[in-house]
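The values are calculated or read from the model by the stated rules, or taken from the named source; none is laboratory data. Note that this is a predicted model, so its numbers are computed, not measured. Every residue, glycine among them, receives a Cβ derived from its backbone with ideal geometry; neighbour counts consider all protein chains shown.
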């Protein structure tokens, strides 16, 4: 089973990758479309040149790998994706070979965090339009509502939320998903040293706490665009 988890930025996506990577039956991969995304957009993210030089910049080859044999003969392949990496030029039919799930976060909290590393973020930078597009496409194609989890639900009650997610994916829950060893992993992207300091120090999900701060007028306008998309996904999140 290949699980594509579609997240937005400044979420708990790396912690959730740690959680699945702690399972004995699972291999993980970290943002496989990132090098393609940077090469096509020209964005100056930390480590950009190294990421583009060492990563795969042809989305077709990425798609072929993600739908090919599961590495190491594992039963599950957890694929951590940033939804905004799915640029319009990426043809979508290959996605039907994956099982999809979605990780969302309150957009006010996300934008306050994102603005610290991405000057003047736009709606597209949040990944929410891409998440909702893919969610509706998967639901229409399969006739089933794909699982949506909210970061706050996971942080407030990790075991309950993970059990619900595993049930929705028709896989067994493993208690190993609740704890992991600190440090970076060979499966982390080469950008980990720029972004993963907090996760590298962690050994489990951190307790949820509200992010303090006030949205600037510019961020408030993006927040207003985000809200109907977030609410459309949030109201269909799985019950934990």
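Within the range 210-217, identify whether any single residue is farther than 18 Å from residue 152 by Cα, in contact (Cβ under 8 Å) with a residue 12 or more places away in the chain, out of contact with any helix residue (DSSP H, G or I) (no Cβ under 9 Å at 6 or more places or on another chain) and in a helix (DSSP H, G or I), and answer yes or no.
Taking the range 210-217 and keeping what is farther than 18 Å from residue 152 by Cα, we get 214-217.
Okay, now just the ones that are also in contact (Cβ under 8 Å) with a residue 12 or more places away in the chain, so 215-216.
Then keep just the ones that are out of contact with any helix residue (DSSP H, G or I) (no Cβ under 9 Å at 6 or more places or on another chain); that gives 216.
Still in the running and in a helix (DSSP H, G or I): none.
Within the range 210-217 (the criterion being farther than 18 Å from residue 152 by Cα, in contact (Cβ under 8 Å) with a residue 12 or more places away in the chain, out of contact with any helix residue (DSSP H, G or I) (no Cβ under 9 Å at 6 or more places or on another chain) and in a helix (DSSP H, G or I)), the answer is no, since none of the residues qualifies.
Output the residues belonging to the range 200-236 that are buried (at least 18 other Cβ atoms within 10 Å of the Cβ) and touching a strand residue (DSSP E or B) at 6+ places or on another chain (Cβ under 7 Å).
230, 233
Confirm whether residue 52 is in a loop (DSSP other than H, G, I, E, B), surrounded by 12 or more Cβ atoms within 10 Å (Cβ to Cβ) and modelled with pLDDT of 95 or more.
Numbers: in a loop (DSSP other than H, G, I, E, B): no; surrounded by 12 or more Cβ atoms within 10 Å (Cβ to Cβ): yes; modelled with pLDDT of 95 or more: yes.
Against the criterion (in a loop (DSSP other than H, G, I, E, B), surrounded by 12 or more Cβ atoms within 10 Å (Cβ to Cβ) and modelled with pLDDT of 95 or more), residue 52 does not qualify.
Could you look through the range 194-209, keep only residues that are out of contact with any helix residue (DSSP H, G or I) (no Cβ under 9 Å at 6 or more places or on another chain) and modelled with pLDDT under 95, and pick out the one that is nearest to residue 158 (Cα to Cα)?
The selected residue is 197.
For the range 77-90, name all the residues that are outside any helix (DSSP H, G or I) and either on the phi > 0 side of the Ramachandran plot or touching a residue at least 24 places away in the same chain (Cβ under 8 Å) (or both).
To start, the set of residues in the range 77-90 that are outside any helix (DSSP H, G or I) comprises 77-82, 86-90.
Of everything in the range 77-90, those that are outside any helix (DSSP H, G or I) and either on the phi > 0 side of the Ramachandran plot or touching a residue at least 24 places away in the same chain (Cβ under 8 Å) (or both) turn out to be 77, 78, 79, 80, 81, 82, 86, 87, 89, 90.
Looking at the range 105-116, can you tell me whether even one residue there is modelled with pLDDT under 95, loosely packed, with under 15 Cβ neighbours inside 10 Å and not in a helix (DSSP H, G or I)?
Looking for residues that are modelled with pLDDT under 95, loosely packed, with under 15 Cβ neighbours inside 10 Å and not in a helix (DSSP H, G or I), one finds at least one in the range 105-116, hence yes.
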